[in-house]
Amino acid sequence: MRRAVLAVLAGLSLAATTVAAAPAQAAGPAQSKLAALVKLKDVRHHQLNLQKISDANGGNRAAGLPGNKITIKYIADQLKRAGYAPVVQNFEFDFWQELSEPVLAETAPDPKTFTPHGDFETLQYSGSGDVTAPATPVDPAATGDGSGCEAGDFAGFPKGHIALIQRGGCFFSLKTDNAIAAGAAAVVIYQLPDQPGPVGGTLTTPYDLPVVGPTNAVGKALVQQAQNGGVTLRVKTDTLNEKRQAANVIADTRRGRADNVVVVGAHNDSVTAGPGINDDGSGTATLLEMAKQIDKLGSKVRNKVRFAFWGAEEEGLLGSQYYVDNLPQAERDKVALMLDFDMLASPNYVNFVYDGDNSAGENNVEAPAGSGAIEKAFVDYFGKRKLPTDPTPFNGRSDYDAFISVGIPAGGLFTGAEGIKTPEQAKRYGGTAGLAYDPCYHQACDRYDNVSLKGFDQMIDGTAAVTELFAHSTLTVNGNELARRQAQPRKRVTPDVVGNHATR
């Protein structure tokens, strides 16, 4: 594949030389040595190895399962071969797995069985159970704010019944807690009217009773039946909730200031449904090859670069949060910024850049000062090559969240997940309007061939070039000093989406 001409990004001045009597020439983008060294074919080789690991270990690389354990060993081995001394940081997490298909059925007065994954989903961290009981609506007059968010919503709720609760207004966990306190035997949280499909979300911690989420149409129909003579449901879930181990893999460059660290991260796990070769095998593979090549920059690496491969991201950003929570304050103060690379090869890609200055007004978590300069570095890189970019919001869906929550500036690249490509984006990037950026997102088909080589090549170069920029100088982000020490960490709040799971 032809490679784009590569560049050092915004913040670096371009020296121009002139020759007497010669006409002035416009200076082109300066070359990024690291981007030239990190080649698509070598990154693809790592992706192929991740695919082989998945194929040999149950078809996935999910945290707590064999494929992820081998992935961690592969990452550590590659880093050792490149001369690093990687640290494998083990941690315990709540492993959850659905062992067999769930059941949601009406047993009376009109028996019918609903379809898993079409009519309803099991919420992550639902317990196991097989409950047949009358269903009672909870605050059925509630509109867009949902129901079940207050104990008073359950006034008169018959103990042992199944709670029918509309989504909205608060976390799924709070609705479930209130239902348990009222004596519910199972919980059915149905979708809002304006939201398609069933409720696919997380309770964030393990529960003992079944919790499922049907579509709005299914939920409303059940409420009507309950109000017009009663309805009996069967809710059956077969799940595993237990403690298991996952791990982060961390490796620092030999060169660079240890008191001004650039953290570069990708997550090392997939979902259980598939191998995750785009999500996030693309980020893992890119960072591995970048780690192998960065030492060739020599003295240009003035700030230590920390390559981080986060564990259990798909379970709720657990590895990155564990890392930040267990990093002493003195060590946090040495982190100048964090770059996040989660999905770089989506087949119907867009060059998304995290919106560090919130210019699009869609961020729902606050990005610390300096994040706008990181965004500008990426935007300038692509702009100087006449390549388009689009902003993507900081919404708590990836591993940057733990860092910005303690005041560390962050940024990164993303090629899109389940979102739908617009006609305007199709004109600018190619691809297909009306189709998801990654039609195989969190599915078994997220394999080695689930990639746009054109988009991936551009993203690899952008990743490497901006990493090289900040390895050399973080002036635009923190003045090359740790002024961030004065930044006040924001209160840790549970975002609306944790990893790939909605929380409310």
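The values are calculated or read from the model by the stated rules, or taken from the named source; none is laboratory data. All values derive from a computational prediction rather than experimental measurement. Please note: Cβ atoms are built from the backbone with ideal geometry, for glycine as well, and neighbour counts cover all protein chains shown. Just the protein is used for accessible areas: all its heavy atoms, side chains included, with ligands, DNA and RNA removed. Shrake-Rupley method; radii C 1.70, N 1.55, O 1.52, S 1.80 Å.
Once backbone amide H atoms are built at 1.01 Å from N, GLY430 has no partners under 5 Å, excluding neighbours fewer than 5 places away on the same chain. Taking amide hydrogens as placed 1.01 Å from N in the peptide plane, the amide H of LEU233 sits under 5 Å from those of THR107, ALA133, ALA135, each at least 5 positions away in sequence or on another chain.
To the nearest ten degrees, helix 66-81 and the longest principal axis of the Cα atoms of the chain are 10 degrees apart.
Beta bridges assigned by DSSP with both partners in the stretch 191-342 are antiparallel in approximately 25 percent of cases. Note the angle between two axes, namely the Cα long axis of helix 281-293 and the longest principal axis of the Cα atoms of the chain, as a number of degrees from 0 to 90, rounded to the nearest 10. That helix lies at roughly 20 degrees to the long axis. The distance linking the stretch 305-340 with the stretch 252-290 is 11 Å (Cα centroid to Cα centroid, whole angstrom). When a/c is below 1.5 the answer is rounded, else prolate if a/b is larger than b/c, else oblate, so apply that to the stretch 347-504 with a ≥ b ≥ c taken from the square roots of the Cα gyration tensor eigenvalues. Taking the square roots of the gyration eigenvalues as a ≥ b ≥ c, the stretch 347-504 is oblate.
Couplings 3J(HN,Hα) for the stretch 404-410, derived from phi with the Karplus relation 6.51 cos²θ - 1.76 cosθ + 1.60 (θ = phi - 60°), are 5, 5, 10, x, 8, x, 8 Hz, where x marks Gly and Pro.
A cut-off of 5 Å between modelled amide H atoms, ignoring neighbours fewer than 5 places along the same chain, links ALA63 with SER270, ALA312.
Counting only Cβ charges, +1 for Lys and Arg and -1 for Asp and Glu, the dipole size of the chain around its Cα centre is about 2160 debye.
So for the chain: antiparallel DSSP bridges make up what percent, rounded to the nearest 5? Looking only at bridges with both residues in the chain, the antiparallel portion is about 55 percent.
Rounded to the nearest 20 debye, the dipole magnitude of the stretch 28-111 is 1120 debye, with +1 charges on Lys and Arg beta carbons, -1 on Asp and Glu beta carbons, and the Cα centre as origin. Scalar couplings 3J(HN,Hα) for the stretch 263-269, obtained by applying the Karplus form with A = 6.51, B = -1.76, C = 1.60 to θ = phi - 60°, are 8, 10, x, 8, 9, 9, 10 Hz; x denotes Gly and Pro. Here r is the Cβ-Cβ distance between ASP295 and LEU99 and R0 is 51 Å; the resulting FRET efficiency, rounded to 0.05, is 0.65.
Stretched out straight at 0.36 nm per residue, the stretch from ILE420 to ALA155 would grow longer than its current Cα-Cα span by 91.2 nm. Heavy-atom accessible area for ASP252, with the other protein chains in place and a 1.4 Å probe, reaches approximately 60 Å².
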